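Colleague: Take this structure, written in structure tokens, and hold onto it; I'll ask about it next.
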Amino acid sequence: MFCNQCEQTAKGQGCTVMGVCGKTGTTADTQDLLVQALRTLALTALKARDKGIVDAETDGFMAKALFSTLTNVNFDEEALMLMVREAVRRRKKLAVRLGCTTAADDAAVDKSVEELRGQAKNPSEFADDPNVRSAMQILLFGLKGVAAYADHAAILGQTDPDLYAFMYGALAAGFDDTTRTLDDWLELVTGCGQANLRAMELLETGNTGTYGHPVPTQVSLGHKKGKCILVSGHDLKDLHALLEQTAGKGINIYTHGEMLPAHGYPELHKFPHLVGHFGTAWQNQQKELPEFPGAVLFTTNCIQNPGNYGDKVFTSGVVGWPGLAHCQDRDFSRVIEKALSLPGFAEDAPGKTVTVGFGRKTLLDAAPAVLNAVKSGAIRHIFLVGGCDGAKPGRNYYTEFVEKAPGDTLILTLACGKFRFFDKDLGAIGDFPRLLDVGQCNDAYAAVQVALALAEALGCTVNDLPLSLVLSWYEQKAVAILLTLLALGVKNIRLGPSLPAFVTPDILKLLVSKWNITPISTPEEDLHALSA
Ligand code: SF4
Ligand code: SF3
């Protein structure tokens, strides 16, 4: 195996024996095989599109399968192998429609899977030229992030054939007959950033169209006496289905990790048994989940080895861990049964509260007042401190940054990195709480829209606003979001806790010269440099 797609990669270079995330060598190889199967599917899908054949089901499958290779999503080799076969079967069916082959039966699929094993590449084998290899890796990893958001959006009925066409093109690149220069690769990388903006837009439309626009909502970090289920991940539809299926059953539902912002959506908040939030970010789950006295459902990343508490953990969607019960078609009856068999919380424990729900509409409605406060000097600077959390000690930077930010600055936050400071009382500037939770990582779309609106109102560019982005990355959705910001021309981003292993010094030089991306230093230095 060789995998270097996430921030915790071994020695900052690549996992070669066993993933730091817990991925085994064979699972990593099966994921590479799946990506290769998707690349060949993409080549055929592009030919089909040229002939006007668009297979929406295959488009959706491609995104789902690619999503399953993202960090901390699917560790189940059997499930991954089923997707490899499905990709091959779908390619063969398309090829039959194109008149390129006649056989799409099991024997033909078996034969192709064996051929693919010989072709599958890990990221270290993408190209000889290190810079081209780096660009190809950035493209694939960014594309995995796009796939995640495209899949979530499709679950809520939001799709765009052009988005899938880009994804097929990016998957096929390097495996078609076209010779590409480094510039060509970098153009594809920028295209990936634009595609991700579209994917996040579709997802925002899906989330808000189905569950309403988020509104500021208080969420309890305490708990209520009684049976309970904890829901982790990003999939609001899974949460909604579970809330419906548990209504009137005496089970309280708690959010975990990236599900926290769900409380701000009116159509989810209306369920009285959605009672609070439990725990912090994903990397603390092995410590926190054993303490939860109910069942746990993982709807997306980030899942870790559940070890001895696996009998109460369930997965859905593309998530998988070998041996864990997987819920198909949003049938959560086994999760409910498990929750009823477990003790639940013995007592009420009120606990702190946090506020979520500063989504696009709420922020845009507040934009004129924010502008006035900026003009009057009441708000001196806005920091967007967001991104993924992770296990590295250097991530204390983000907590300290927020704590040390002066009282006349606003902090917007999103994604699971917020758990470093989400329960801190940072006070208010007039009517604005200083800490505004915009939502999940995909709600970077909302933050971008607000920044664009502020820039338009002030007649300047986003780079001229008193706004700085201080980002933390861990997995490939963060890569996709970073590419979106670069594609939009956003400069001066501070990035940490460490730079990606898949960026070569030459590519880094380019990122610095074109966008002035800067690694984080100390909170004091960065605060001074960014808001001086
Ligand atoms: Fe290593 Fe990250 Fe790949 Fe897991 S996802 S194998 S930790 S680089
Ligand atoms: Fe977190 Fe996994 Fe990235 Fe959605 S849940 S941001 S790390």
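The values are calculated or read from the model by the stated rules, or taken from the named source; none is laboratory data. Since the structure is predicted, the reported quantities are computational estimates derived from the model, not experimental observations. Here the Cβ positions follow ideal geometry from the backbone for every residue, glycine too, while neighbour counts run over all protein chains shown. With ligands, DNA and RNA removed, areas are computed over all heavy atoms of the protein, side chains included. Shrake-Rupley method; radii C 1.70, N 1.55, O 1.52, S 1.80 Å.
Colleague: Give me the strands (runs of 3 or more DSSP E) completely within the stretch 174-260, filtered to those with at least 3 residues that are within 16 Å of ligand 1 (Cβ to nearest atom) and of a type in the set (A, V, I, L, M), ordered by residue number.
Modeller: Once the strands (runs of 3 or more DSSP E) in the stretch 174-260 are filtered for at least 3 residues that are within 16 Å of ligand 1 (Cβ to nearest atom) and of a type in the set (A, V, I, L, M), nothing remains.
Colleague: Working only within the stretch 190-205, note down all residues that are within 22 Å of GLY357 (Cα to Cα) and more than 16 Å from the chain's Cα centre (by Cα).
Modeller: Across the stretch 190-205, the qualifying residue is only THR205.
Colleague: Now, a different point. Taking GLU288 as the residue in question, decide whether it is touching a residue at least 40 places away in the same chain (Cβ under 8 Å), of a type outside the set (S, T, N, Q) and part of a helix (DSSP H, G or I).
Modeller: no
Colleague: Answer yes or no as to whether GLU267 is under 25 Å from GLY320 (Cβ atoms), among the acidic types (Asp, Glu) and not in a loop (DSSP other than H, G, I, E, B).
Modeller: In short, no.
Colleague: Can you pull out the residues in the stretch 112-129 that are surrounded by 17 or more Cβ atoms within 10 Å (Cβ to Cβ) and without any contact (Cβ under 8 Å) to a residue 12 or more places away in the chain?
Modeller: None; the set is empty.
Colleague: If you don't mind, another one. Taking GLY394 as meeting all but one of (1) in contact with a helix residue (DSSP H, G or I) (Cβ under 9 Å, 6 or more places away or on another chain); (2) within 16 Å of ligand 2 (Cβ to nearest atom), write down the number of the exception.
Modeller: Unmet condition: (1).
Colleague: Next question. Sort out which residues of the stretch 98-117 are outside any loop (DSSP other than H, G, I, E, B) and of a type in the set (D, E, K, R), and write them in order of number.
Modeller: ASP106, ASP110, LYS111, GLU114, GLU115, ARG117
Colleague: Could you say which residue among LEU510, LEU486 is closer than 17 Å to LEU186 by Cβ, more than 25 Å from the chain's Cα centre (by Cα) and not assigned by TED's automatic domain parsing to the domain that holds PHE67?
Modeller: Just one listed residue meets the conditions, LEU510.
Colleague: Suppose we filter the stretch 15-38 for residues that are open to solvent by 30 Å² or more (accessible area, probe 1.4 Å) and either within 10 Å of ligand 1 (Cβ to nearest atom) or assigned to a loop (DSSP other than H, G, I, E, B) (or both); how many remain?
Modeller: Residues flagged as open to solvent by 30 Å² or more (accessible area, probe 1.4 Å) and either within 10 Å of ligand 1 (Cβ to nearest atom) or assigned to a loop (DSSP other than H, G, I, E, B) (or both) within the stretch 15-38 amount to 5.
Colleague: So GLY12 ticks every box in (1) among the small types (Gly, Ala, Ser); (2) within 11 Å of ligand 1 (Cβ to nearest atom); (3) closer than 30 Å to CYS100 by Cβ but one. Which box is left unticked?
Modeller: All conditions pass for GLY12, except number (3).
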